[in-house]
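Presented below is the structure to which this report refers.
The values are calculated or read from the model by the stated rules, or taken from the named source; none is laboratory data. Computed from a predicted structure; not experimentally measured. Cβ placement follows ideal geometry from the backbone for every residue including glycine, while neighbour counts extend to all protein chains displayed. Keep in mind that these areas ignore ligands, DNA and RNA; they rest on the heavy atoms of the full protein, side chains included. Shrake-Rupley method; radii C 1.70, N 1.55, O 1.52, S 1.80 Å.
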Amino acid sequence: MIPFKGKFSGIRQYIRGKPNPWGLKVWARCGLSGIIYDFDIYQGKSTNPERNYLGVGASVVLKLIEALPTNQNYHIFADNFFTTVLLLAALKHKGFKYTGTVRSNRIKEAKLQTENELEKSQGEALTLASRQQKYYRCQMA
């Protein structure tokens, strides 16, 4: 969030509880060094039906990786605002790796296994951690 209280209300956002609640919301794609390689200023709800279907967080990730070549072993790290099962499937299809936390209400479509089932099973899967520190495997079939 870039602090801003001016009259440019078209893209100005208010987020209660932030140190600077008024400002411009900016999403950024950064490298390990912290250098910003791409950014996008939030301008409200998207009119693209595909992006609305994925949700704001997932659509931001997909927009920021548009300039990256696919299947080049890029690894994306993000927090729980961005992580959804639909995003993971889209990134896997494009050849990107992803690590992030996930909110429990965003894994409804996922087929979860217990820790014992996880140890017994084999194959490609996504490991999810819950607040109870139990690990689950989400099959991305």
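Just by accessible area at a 1.4 angstrom probe, what is the order of K25, K5, K92 from largest to smallest? List each step's numbers first, then the result.
Working: K25 45, K5 165, K92 90 Å².
Of K25, K5, K92, the descending order of accessible area is K5, K92, K25.
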Worksheet item: Separation between the L86 and Y53 pseudo-spin-labels, each 7 Å from Cα along Cα→Cβ, expressed in nm?
Response: 0.7 nm
Fill in: Per-residue SASA entry for T70, accessible area with 1.4 Å probe, Å² rounded to 10
70 Å²
Discussion item. From the mean inverse distance of alpha carbon pairs (Kirkwood) and the Cα radius of gyration, derive Rg over Rh for the range 55-104.
Written reply: 0.93
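Rank these residues by their accessible area, most exposed first, probe 1.4 Å: W27, W22. Please report the intermediate quantities before stating the final value.
Working: W27 30, W22 95 Å².
Descending accessible area places them as W22, W27.
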Worksheet item: Rank V26, V60 by accessible area, highest first, at a 1.4 Å probe radius?
Response: V26, V60
Worksheet item: Leaving out ligands, DNA and RNA but keeping every protein chain, what accessible area does R12 have, in Å² rounded to the nearest 10, with a 1.4 Å probe?
Response: 70 Å²
Worksheet, complete the sentence: Total charge of the residues flanking I2 in space, meaning their Cβ is under 15 Å from its Cβ, with Lys and Arg +1 and Asp and Glu -1, is +3
